[in-house]
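Undergrad: First the structure, which I've put down as structure tokens, then a few questions once you've had a look.
The values are calculated or read from the model by the stated rules, or taken from the named source; none is laboratory data. Quick caveat: nothing in here was measured; it's all calculated off a predicted structure. Cβ coordinates were reconstructed from backbone atoms using ideal geometry, including for glycine residues, and neighbour counts include every protein chain displayed. Surface areas here come from the heavy atoms of the whole protein model, side chains and all, with no ligands, DNA or RNA. Shrake-Rupley method; radii C 1.70, N 1.55, O 1.52, S 1.80 Å.
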Amino acid sequence: MKKSFICIIFLLLSNFLFAQDEEIDASKPTNFYTQLYNHLEYNYSKNGADTYGYRAEFMFAPSEAHLILAEMPLLHNTETGKTGIGDFRARYFYLPYKNYDKFLGAFGPSVDIFAPTGNYDSGLGTGSWLIQPGVTVGLMIADWIQAFPILSYQYTSSPVIERPGLFQDPQHGISFQIITPIILSEKMFLQVTPIYSASNINLERNDRYIQEFIAQYALSEKLQISGFYRGVFKDDNHTARLALVVFL
């Protein structure tokens, strides 16, 4: 019994040490790691207030097939002068298939949930729930470039608060995006992500083209620095983030 217990401890320790030495490839969204993103964020809006602050994004990967994400922003609104938490985000991603030796390199469903925890009157929250179940596919085009199309259904709830000017009925929509990693070197990669979003597919359409860019560089084995840009051009809304990424 004692020998069996020692063997189990040895195997668990060996697996832990092996995981610590595993080479990190964060360029592919279907590679799951336990990590913490520390974002400094600034959002400019031509037709509204600007916001800036800190965004914590924690990812927990209990295995290669499961990823749990929690994200919480702490923001300041320049128009209202208010500071507080924004809308909380949670995500679960399940990856039943991954084989980068094949052209179809990965496949899995996910669900994103945005909770209206931010104060709407202070300009820190949306006032509605947003739920996005989706499916991701990984296409291995070459060693230096891949494509990860994501098709999602979008459900936006009725406002949780009564405010004139906000839509009153739930909205149903879709979004389609293609995350495209481009490997520049062993330490640096880009992600180029065009997004088409139709948040309301009823009579009153609210379609948007959105463009995102990420540049990420490895400072050391467990530390990376990341730059992010998101543009919603029809609304003249732009977001920039600078992050320190810590792999745990």
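Undergrad: Given springs between every Cα pair under 10 Å in a Gaussian network model of the chain, which of I201, I182, I225 has the largest fluctuation?
TA: I201
Undergrad: May I pose another question? If you fit an axis through the alpha-carbon atoms of helix 2-21 and take the longest principal axis of the Cα set of the chain, what angle between them do you get, 0 to 90°, nearest 10?
TA: 60 degrees
Undergrad: I've got another one for you. Counting other Cβ atoms within 10 Å, which GluC sites (Glu not before Pro) in the range 114-213 have at most 16 and lie in a DSSP loop? Please list the in-between numbers first.
TA: Numbers: sites: E162, E186, E204, E212; in loops: E162, E186, E204.
Passing both the DSSP loop test and the Cβ count: E162, E186, E204.
Undergrad: Per-residue ellipticity at 222 nm for the chain, helices alone: DSSP H runs ≥ 4 residues times -39500 (n - 2.57), over residue total, nearest 500 deg cm²/dmol?
TA: Values: 1 runs with 20 residues, N = 248.
Taken over the chain, the calculation gives -3000 deg cm²/dmol.
Undergrad: Would you kindly state how much longer the chain becomes between F213 and I113 on full extension, computed as 0.36 nm times their sequence separation minus their alpha carbon distance, in nm to one decimal?
TA: Details: separation 100, 0.36 × 100 = 36.00 nm, distance 2.23 nm.
Full-extension gain reported as 33.8 nm.
Undergrad: Please report how far the C-alpha centroid of the range 119-133 lies from that of the range 39-105, rounded to the nearest whole angstrom.
TA: Taking the Cα centre of each part, the range 119-133 and the range 39-105 sit 14 Å apart.
Undergrad: Further question on the same structure: Given N residues in the range 119-225, what is Rg(Cα) / (2.2 N^0.38 Å)? It would help to have the intermediate numbers written out before the result.
TA: Details: Rg = 18.1 Å, N = 107, 2.2 N^0.38 = 13.0 Å.
Scaled against compact globular proteins, the figure is 1.39.
Undergrad: At a 1.4 Å probe radius, carbon and sulfur cover how many percent of the accessible area of the chain?
TA: Numbers: 9080 of 14110 Å².
Percent of accessible area from carbon and sulfur atoms in the chain: 64.
Undergrad: Give me the number: length gained by fully extending L184 to N99, i.e. 0.36 nm times residue separation minus the C-alpha to C-alpha distance, one decimal in nm. Before the final figure, lay out each step's value.
TA: On the way: separation 85, 0.36 × 85 = 30.60 nm, distance 2.20 nm.
Contour length minus Cα-Cα distance gives 28.4 nm.
Undergrad: Further question on the same structure: Using the Cα atoms of the chain to build a convex hull, what is its mean projected area in square nanometres?
TA: Details: hull surface 64.8 nm².
So the Cα hull casts an average projection of 16.2 nm².
Undergrad: ³J(HN,Hα) across the range 134-150 via Karplus (A = 6.51, B = -1.76, C = 1.60, θ = phi - 60°), whole Hz, x for Gly/Pro?
TA: Whole-Hz 3J(HN,Hα) from phi for the range 134-150: x, 10, 10, 10, x, 10, 8, 6, 7, 4, 9, 8, 9, 9, 10, x, 10.
Undergrad: Under 10 Å, Cα contacts only: if you run a Gaussian network model on the chain, which one of R205, R230, R91 comes out with the highest mean-square fluctuation?
TA: Between R205, R230, R91, it is R205 that shows the largest mean-square fluctuation.
Undergrad: For the chain, what is the accessible area per residue in Å² when the probe is 1.4 Å?
TA: Values: 14110 Å² over 248 residues.
Per residue, the chain has 57 Å² of solvent-accessible surface.
Undergrad: Could you work out the relative contact order of the chain, using alpha carbon pairs under 8 angstrom and six or more residues apart, expressed as a whole percent?
TA: Details: 642 pairs, mean separation 36.6, N = 248.
15 percent.
Undergrad: Sticking with this structure for a sec: If I take R0 = 35 Å and measure r between the Cβ atoms of E79 and S220 in this structure, what FRET efficiency does the formula 1/(1 + (r/R0)^6) give, to the nearest 0.05?
TA: Values: r = 40 Å, r/R0 = 1.14.
So the FRET efficiency works out to roughly 0.30.
Undergrad: Here is a further query. For the range 163-240, state the semi-axes of the equivalent ellipsoid (square roots of 5 times the eigenvalues of the alpha-carbon gyration tensor), sorted largest first and rounded to whole angstrom. Mind showing how you got there, number by number?
TA: Working: eigenvalues 230, 36, 23 Å².
After diagonalising the Cα gyration tensor, the semi-axes are 34, 13, 11 Å.
Undergrad: Taking 7 Å along the Cα-to-C-beta vector as the label spot, tell me the E162-F60 distance in nanometres, rounded to one decimal.
TA: 3.9 nm
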